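Comments concern the structure below.
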Amino acid sequence: QVQLVESGGGLVQAGGSLTLSCAASGRTFSNTGMGWFRQAPKKEREFVAAITWNGRTYYADSVKGRFTISRDNAKNTLYLQMNSLKPEDTAVYYCVAEPRTVYLSGEYNYWGQGTQVTVSS
């Protein structure tokens, strides 16, 4: 059974940092893209960042310069380093893998269960 399991979420003050991890199991994702989406209360799900199989990265404008996506294919794990966090970054963050179309769309074959990130002002 293929699973994506996120960890590393929590409560942090504005200006602080968190690192999210996404451990994949059941198959390797080293040959496909992976990414992060988030959804805040009463808001639509939005793209955060993505990384191709060979390391090319994409970011939403709202997180560019503050967040860094990376992957360790040997560990089958995806990361999201989040710095200079703002209250508006508060959301449930979802790990995704294997895009069906463009990376910024929400069309991925695999989704994690999500991890809550709360940034206090």
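The values are calculated or read from the model by the stated rules, or taken from the named source; none is laboratory data. These figures come from a predicted structure and were not determined experimentally. Because the Cβ atoms are built from the backbone with ideal geometry, glycine has one as well, and the counts that use them run over all protein chains shown. Side chains included, ligands, DNA and RNA excluded: accessible areas come from the protein's heavy atoms. Shrake-Rupley method; radii C 1.70, N 1.55, O 1.52, S 1.80 Å.
In terms of solvent-accessible area of protein heavy atoms at a 1.4 angstrom probe, what is the ranking of ASP72, ASP89, ASP61, highest value first? Present the calculation step by step, with values, prior to reporting the outcome.
Working: ASP72 45, ASP89 0, ASP61 125 Å².
These residues rank, largest area first, as ASP61, ASP72, ASP89.
With a 1.4 Å probe rolled over the protein heavy atoms of all chains, the accessible area of ARG71, ARG100, ARG45 falls in the order ARG100, ARG45, ARG71, largest first. Averaged over its residues, the chain has an accessible area of 52 Å² per residue, based on protein heavy atoms and a 1.4 Å probe. The apolar share of the surface of the chain, taken as the fraction of accessible area on carbon and sulfur atoms (1.4 Å probe, ligands and nucleic acids excluded), comes to 48 percent. Note on the chain: with charges restricted to the Cβ of Lys and Arg (+1) and Asp and Glu (-1), its dipole about the Cα centre is near 80 debye. For the options LYS42, LYS86, LYS75, a Gaussian network treatment of the chain with springs between C-alpha atoms closer than 10 Å singles out LYS42 as fluctuating the most. Among LEU20, LEU85, LEU11, the residue with the largest mean-square fluctuation in a Gaussian network model of the chain, with springs joining Cα atoms closer than 10 Å, is LEU11. Note on ARG45 and SER120: the extension gain reaches 24.9 nm, defined as 0.36 nm multiplied by sequence separation minus the Cα-Cα distance. Only protein heavy atoms count here; under a 1.4 Å probe, TYR110 has an accessible surface of about 60 Å².
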